[in-house]
Amino acid sequence: MEVRDRIIEGAGKLFLTEGIRRVTMDYIAKRLAISKRTIYEIFQDKTELVKATLTYLTQKHDDEFNDIQKDAGNVIEVIVGVLQVGVTSIKQVSPLFLDDLELHYPVLCEETIVRRRRESMLNFEHLITR
């Protein structure tokens, strides 16, 4: 795994469980056993890292959805699979993450979370129609 990917994945886990505001670049560096300088060589600032993390999480979600659709025998199995993944995801996300995203990164929140909710609803409606 490349250093960039390791930072994104590690920071993403920290952001999701502890909130964005509470997780500093120093804390990320210590938890990942890398220097803060390494992080700043790859990411200009925390906002850029948060954005990369959201992109990573979105892609991961899309991959999971596609895998469920590919492996399911029918639409009901897709719906159940998606709901199971959703419940698991909700349990892993601290409310602090969503609060921090909405309060401190409103543009990123709108670009990702709000848009993803709309897309998810449309996908779900499509599955129900099928």
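The values are calculated or read from the model by the stated rules, or taken from the named source; none is laboratory data. Computed from a predicted model, the values in this text were never measured in an experiment. Cβ: placed from backbone, ideal geometry, glycine included. Neighbour counts: every protein chain shown. All accessible areas refer to the heavy atoms of the entire protein, side chains included, with ligands and DNA or RNA removed. Shrake-Rupley method; radii C 1.70, N 1.55, O 1.52, S 1.80 Å.
Couple of notes before you dig in:
- Matching residues, region 41-54, being surrounded by 14 or more Cβ atoms within 10 Å (Cβ to Cβ) and either part of a helix (DSSP H, G or I) or in contact with an Asp or Glu (Cβ under 7 Å, 6 or more places away or on another chain) (or both): 42, 46, 47, 49, 50, 51, 52, 53, 54
- Test: residue in region 10-33 that is free of Cβ contacts under 8 Å to residues at least 12 places away in the same chain, open to solvent by 60 Å² or more (accessible area, probe 1.4 Å), more than 22 Å from residue 105 (Cα to Cα) and assigned to a helix (DSSP H, G or I): yes
- Across region 55-76, the number of residues qualifying as under 21 Å from residue 18 (Cβ atoms), of a type outside the set (Ser, Thr, Tyr) and open to solvent by less than 50 Å² (accessible area, probe 1.4 Å) comes to 1.
- Enumeration of residues in region 81-106 that are open to solvent by less than 100 Å² (accessible area, probe 1.4 Å), under 24 Å from residue 49 (Cβ atoms) and in a helix (DSSP H, G or I): 89, 95, 96, 97, 98, 99, 100, 101, 104, 106
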